[in-house]
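Worksheet: one structure, shown below.
The values are calculated or read from the model by the stated rules, or taken from the named source; none is laboratory data. None of the values given here were measured: they were computed from a predicted structure. Don't worry about glycine lacking a Cβ; one is built from the backbone with ideal geometry, like all the others, and counts go over all protein chains shown.
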Amino acid sequence: MNVLLHGATNMSNFGDYIFAEIFYNALRDLGHEVSFFAHPRYGISDFFARNLGVNPNRDKYKEILKESECLVYISGGYFVEPRKPGFISELKHFNRYMRPARYFMKKGNPIYVLGVGAGPFRNRLFSIYARKVLNYATVVTVRDEESKLYCNEFGINNDIHVTSDTALLINEYLANKKAEIPKFIIKEGAKMLLFHIDSNEEVKTMISNMFVPAVIRFLKDNPEYQLFLAADGIKNEALYEEYKIMFSEINPIVLKYENPWVLARQIERADLIITTKLHMGIVGSAFGCSVVSFPYVPQKTVRFYKQIGEPSRCVPLSEANADLIYDKLVFFKDKKIKVPEEIKEKAKLNLDYLPKS
């Protein structure tokens with residue numbers, strides 16, 4: 001079967017790239033011909049195409065769309081309205097995610113929505129069309145109970161299967177598909193504190209005011225830890241330099257993001273992770289690291305830590321302060337996460353529901 005993949009594939013985000021590659025190879029292992037939605041503006045990015053080793057064929061995206069027999073929406077948190085209000089923002093969000101679905105629905109071809117975060121929904125352009133897609137889809141799986149509740153409340157009558165985040169499969173994927181990526185090594189006897197840098201201007205200000213003093217205090221009290229700074233997407237040199245200056249008192253090591261699987265190995269090695277976003281924490285949890293999370297967009301992140309039975313590790317960034325951050329680091333520094341096996345098994349269902357023929 002000719003399968004078209006789509007999702008949050010037009011940037012360089014670490015979590016979304018993991019989804020893209022896992023789904024791409026799972027479908028190929030099933031014997032399908034696989035392409036990505038390659039609209040020049042809203043389709044697969046150069047970063048994704050390069051790391052996947054695919055030709056995006058942007059000049060032929062309409063032909064590929066017509067030849068495709070099935071659409072698979074990969075995992076991700078994009079079945080939700082845009083953060084910015086307004087018609088233009090709504091239209092861009094619609095074009096970015098829902099554009100190819102119209103063709104498949106018109107033709108009566110199957111659509112699979114697998115492992116997404118959904119809602120909340122309102123009666124706005126994007127949500128109304130998302131409801132059409134979710135009601136039309138052959139299979140819908142969502143990554144948490146809250147997503148299913150949002151779907152039900154918004155009048156989605158299709159069967160909604162609750163799974164968990166596909167990124168929880170990363171251990172198995174690394175072992176089977178990426179064994180050539182070497183383990184990340186740090187100074188013998190040291191422990192690794194991995195700090196997730198963020199480019200959002202508001203978040204940067206909060207990091208400077210709250211996280212920097214808390215982390216420096218923690219490192220002075222726990223000298224066995226060494227600070228590493230890592231990003232989850234392509235960033236400019238100025239951002240890395242800005243964070244180096246913030247933490248200059250303790251001479252951090254900067255890990256520049258270029259290859260998602262190298263970052264995965266770096267996360268795998270971390271003893272303690274502090275993050276303001278979702279997927280560095282999910283991957284760290286899958287590896288059994290200790291994670292403390294202070295999300296800028298809390299809703300989807302709070303859902304995950306609740307699902308794995310670790311809600312106290314996650315505090316919305318708006319509720320944080322330097323003392324609380326320090327206390328969380330101290331409390332969780334030697335407490336590894338153990339994701340329940342039933343949650344990992346649920347993650348596999350997102351691939352089990354892929355079309356077989």
Subset of region 136-155, residues in a loop (DSSP other than H, G, I, E, B) and out of contact with any strand residue (DSSP E or B) (no Cβ under 8 Å at 6 or more places or on another chain), comes to 154, 155
Scan region 293-302 for residues that are more than 17 Å from residue 204 (Cα to Cα) and surrounded by fewer than 21 Cβ atoms within 10 Å (Cβ to Cβ) and report the count.
3
Mind listing just one residue for me: the one in region 98-121 that is over 25 Å from the mean Cα position of the chain (by Cα) and either outside the structural domain of residue 8 (by TED's automatic domain parsing) or in a helix (DSSP H, G or I) (or both) and, of those, surrounded by the most Cβ atoms within 10 Å (Cβ to Cβ)?
104
If we ask which residues in region 262-318 are among the small types (Gly, Ala, Ser) and in contact with a Phe, Trp or Tyr (Cβ under 9 Å, 6 or more places away or on another chain), their number turns out to be 8
Region 173-190, residues that are in contact with a Lys or Arg (Cβ under 8 Å, 6 or more places away or on another chain) and either loosely packed, with under 10 Cβ neighbours inside 10 Å or in the same structural domain as residue 265 (by TED's automatic domain parsing) (or both):
182, 183, 185
Being of a type outside the set (D, E, K, R), surrounded by 15 or more Cβ atoms within 10 Å (Cβ to Cβ) and either closer than 22 Å to residue 210 by Cβ or touching a residue at least 40 places away in the same chain (Cβ under 8 Å) (or both) narrows it down to one residue among 287, 331; which is it?
287
Considering only region 162-193, how many residues are out of contact with any Leu (no Cβ under 7 Å at 6 or more places or on another chain) and within 26 Å of residue 78 (Cα to Cα)?
12
When you go through (1) crowded, with 23+ Cβ neighbours inside 10 Å; (2) on the phi > 0 side of the Ramachandran plot one by one for residue 31, which number turns out not to apply?
(1)
